[in-house]
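The values are calculated or read from the model by the stated rules, or taken from the named source; none is laboratory data. Bear in mind that the values here come from a model prediction, so they are computed numbers and not experimental data. Here the Cβ positions follow ideal geometry from the backbone for every residue, glycine too, while neighbour counts run over all protein chains shown.
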Amino acid sequence: MIPAPPTPSENPFGTTAPKRALPTLIAALVMTGIAAWPVACQALGLGALTGEVVIGEALQLEVPLTGAIDRPLESECISVRRTADSIDPEYFPRDLVARVDRQTGTPRILLASRSAVRQPLVEFRIFVSCGYNLSHDYLLMAAPRSEPVPATVAAPAAVAASVAQTPAARTAPAAAAPGVMTAPVVGTGNRLPDGIAGKNIVLGRDMTLEQLAQQHFPGPLRQQRFMRWVVEANPQYFAGTGRQLRLQRLQAGTPLVIPGVVPPRRPGDHLGDLTPLGEKVGAGATDASAPPARKPQASAD
C-alpha cells in the first residue's frame, strides 16, 4: 500500500508546521529595525562651523554638537589635528585649542587661537575620542576685514610741529610740493596688499629695500614677502624686478607704507624657482651698499 502524500499543514517527518511562521518572522524583523532606527539617528555629530577667519586676527570659531551624548564627553575628548592630505603645513593653526561648552543649553565645541591668522587658508581636523571616534576636516579661506581700523601714523617731530601751527592743517592734508612723491596714508581708503594693515614710516638714512627688510625680519622668506609688499604698496618709488628692486636705493626722508604684521604667504610662494620679487632662487647678490669684506692679513712669521 502506497502512503498518501503529506498535506500542506504537515512535513515529511510527521510534525505539523504552522502556516504563518514565515510572515511572523518577517514582521518581527521589521519591528526590530524600526525600534533601532531612532538610536542610529541620534548618533553624535558635528554641526555647521560658524565664525570669521580674518587675516591679522586670532581665530574664534564654534561647532555645535548634534545627536545624543550617551557617554561622558569633556574637553579632553576633543583634539585639533593636522589633516592627512593638507595643502601646506603653514595653513595649520598650531595653537588652536578646542573645548566643550554647555552654557548655552546646546553642547558645542569652541575653538580659539592665541596667534593671529597670517595665511590665506586655514585647515585642520577636529577629532572626538572617548568612544565616539568622530572626525571632520575643515578648510577655511581667510579674508581681511571690510573696514580695517586705521593704524596710527607716526610723523617726525618737525612735521608734527608744522602741522599743529594752523587749525586748517588739522582737517585738510597739505599739498605735496611739485616733483615730491608721497606714500599713501593708511586709513584713507587706499587698497593695501593682501588686505593687511600698514603703517607709515619715514626713512632716517639712505638704504636699500633689502636693508629695510633686514631691519624688520630675520628670515629670508619673510624678507622676500616684506619687500614684495612694500613694492606693491609704494609703486611710485620702484621699477624693475628681482635684483633691481632689492638694491634700489631709497633716500633719507622718504615716506613709506610698510606692513604692520608679517605679510602672509601667497599660494605658490617659494615653491618654484622664482622668489616673490621675480628673482631666481639662489641668485641673491651682495648688497652694493654693504661695506666690502675685510681681507685676512698674513701673519708675519
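Is it the case that G253 is modelled with pLDDT of 85 or more and assigned to a loop (DSSP other than H, G, I, E, B)? It is true that G253 is modelled with pLDDT of 85 or more and assigned to a loop (DSSP other than H, G, I, E, B). For segment 116-133, the candidate set comprises residues that are assigned to a strand (DSSP E or B) and modelled with pLDDT under 90; within that set, the residue that is farthest from the chain's Cα centre (by Cα) is A116. Of the residues making up segment 63-82, not a single one is in a strand (DSSP E or B), in contact (Cβ under 8 Å) with a residue 60 or more places away in the chain and out of contact with any Leu (no Cβ under 9 Å at 6 or more places or on another chain). When the test is whether a residue is over 19 Å from G67 (Cβ atoms), surrounded by 16 or more Cβ atoms within 10 Å (Cβ to Cβ), among the polar types (S, T, N, Q) and under 15 Å from the mean Cα position of the chain (by Cα), S86 passes it. Checking each residue in segment 221-254 for being among the basic types (K, R) and under 21 Å from the mean Cα position of the chain (by Cα) picks out R222, R225, R228.
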